[in-house]
Amino acid sequence: MKPRDKEILNIAIPSIVSNITVPLLGMVDVAIMGHLGNAAYIGAIAVGSMIFNVTYWLFGFLRMGTSGMTSQAYGARNHEEVTKLLLRSQLIGLLIALAIILLQYPIAQGALFLMRPTAEISQMAQRYFEVCIWGAPAMLGLYGFMGWFIGMQNTRIPMFISIMQNVVNICVSLVLVLFAGMNIEGVAIGTLVAQWSGMLAAVVFFLAHYRPKLRLHFNMKGVITQSAMTSFFKVNRDIFLRTLFLVSVNFFFTSAGAAQGTMMLAVNTLLLQLHTIFSYFMDGFAYAGEAVGGKYYGAKNKFAFNDTIRRLFVWGGAMVLAFTLLYALGGRGFLALLTNDQQVIISALPYFGWTIALPLAGMAAFVWDGVFIGITATRGMLTSSAISALLFFATFYLLRPFLGNHALWLAFILYLASRGWIQTYLFKRIDGVRTLQQM
């Protein structure tokens, strides 16, 4: 195996394992509540988890921005800046978390108003929210640490933390619900303990693995300067706005399915799980683009940087081939793994062809997102997401009268593909890339 492939896989494989464990946190909570004999508990967990998922997703720039800037500083061997980037991300994450805690009431009430659950579910979700909100500092702090570890070419630590969080969540939730007689609060406390355990583990790993660099370069001077903060927020502003476009498309996709009735909502949700599974794997290679691509970009190593991009697309192509064959050959049997409702499966079959096209349509966007984050060309990510979102809405509304639910899937395929097309076009026009290519 080529050295570059080893570098990519050393980042990608642990990241894929981490990604696969992420949904388990929510699934464990749902499974425990599902055995208490009241369906409202499941609904409350779903609503409460959704509030936090959307809130934290919006601040995902703390991970992505930190990853790109850290990988460049690491490649340039600027250890002082590497340390300051971690301190900067932790400080900003803490300030945002404190703001979320202070604004918890309007956040909860606004979210519940938009989702409109039943009174019973709303009350339970509120109780879940009031416990888990105190995990905000841990979650946003973890975002900064995860991005920093990835930028330092280390995804094994995030993998271990993710696995450990799931084990802690399962153990604490089971003890509190099954043995201490708690219900929704028990699950919420389990989640909260898992979040803070993850943050504590990140701090311990940082001190254990990077203490020598910390001793040599720890200096609060320069952590918060006008130029540093301007650069940090310029990168992260673009990522934040780009995330808003992604959230709008995903939220609309779900709501458009719901508007067509319960069956179509179930069909779209079921089929979209196939895209989610593919994204878990491609995100691993996107992280490799952030870490390895950013490292060589920061080191101004033109050959290694270009070779990294080529190899990322080779691995991306392999994932497209594997998942396309898996979905095409799996067919109805694959859907049966996700549900035993035969009516939903039968209703989903006319739309199954769209899911086969998802890997090919989405692969380039995942790879380019990683590369663009690694070189902190976040304006290109924002531009591609904005244009692609507009294309998504335009396609859907123009074709919905003629194609129905097929218009929604066609719009989503074009949205994924156009992000990759636009980023391919923009890549060669980025000033930093052009300068590197001319060296």
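The values are calculated or read from the model by the stated rules, or taken from the named source; none is laboratory data. Keep in mind it's a predicted model, so treat the numbers as computed, not measured. Positions of Cβ are generated from backbone atoms using ideal geometry, with glycine treated the same way; all protein chains shown enter the neighbour counts. Note: accessible area is taken over every heavy atom of the protein model, side chains too, but ligands, DNA and RNA are not part of it. Shrake-Rupley method; radii C 1.70, N 1.55, O 1.52, S 1.80 Å.
Per-residue ellipticity at 222 nm for the chain, helices alone: DSSP H runs ≥ 4 residues times -39500 (n - 2.57), over residue total, nearest 500 deg cm²/dmol?
-29500 deg cm²/dmol, from helical runs alone.
Sort region 233-438 into rounded, prolate or oblate with this rule: let a ≥ b ≥ c be the square roots of the eigenvalues of the Cα gyration tensor; rounded if a/c is under 1.5, and if a/c is not under 1.5, prolate when a/b is larger than b/c, oblate otherwise.
Verdict is prolate for region 233-438.
What FRET efficiency, computed as 1/(1 + (r/R0)^6) with R0 = 41 Å and r the Cβ-Cβ distance, is obtained for residue 2 and residue 428, rounded to the nearest 0.05?
Efficiency, from the Cβ-Cβ distance: 0.95.
What's the center-to-center distance, using Cα atoms, between region 70-121 and region 378-429 in Å?
When both Cα centres are located, 28 Å separates them.
Return a single number: how many Lys pairs in the chain, at a sequence separation of 8 or more or on separate chains, have alpha-carbon atoms below 19 angstrom apart.
Lysine pairs meeting both conditions in the chain amount to 13.
Send over a whole-number figure in Å² for the accessible area per residue of the chain, probe 1.4 Å.
Value returned for the chain: 44 Å² of accessible area per residue.
Which trypsin sites (Lys or Arg not before Pro) does region 63-110 hold that lie in a coil by DSSP with at most 11 other beta carbons within 10 Å? Please list the in-between numbers first.
Numbers: sites: 63, 77, 84, 88; in loops: 77.
Passing sites in region 63-110 are 77.
Quick check: pseudo-label points 7 Å beyond the Cα along Cα→Cβ at residue 76 and residue 167, how many nm apart are they?
Spacing of the two 7 Å Cα→Cβ label points: 3.9 nm.
Counting only protein heavy atoms, what percent of the accessible surface of region 106-189 is carbon or sulfur at a 1.4 Å probe?
Carbon-and-sulfur percentage of accessible area, whole number: 70.
Rounded to the nearest 0.05, what FRET efficiency do residue 393 and residue 321 give with R0 = 41 Å and r taken as the Cβ-Cβ distance? Could you check?
Efficiency, rounded to the nearest 0.05: 0.85.
When the chain is fully extended, how far beyond the present Cα-Cα distance does residue 50 get from residue 250, taking 0.36 nm per residue of separation?
Gain on extension, residue 50 to residue 250, equals 70.7 nm.
Could you compute the FRET efficiency for residue 185 and residue 120, with r as their C-beta to C-beta distance and R0 at 25 Å, rounded to 0.05?
Numbers: r = 16 Å, r/R0 = 0.62.
The computed FRET efficiency comes out at 0.95.
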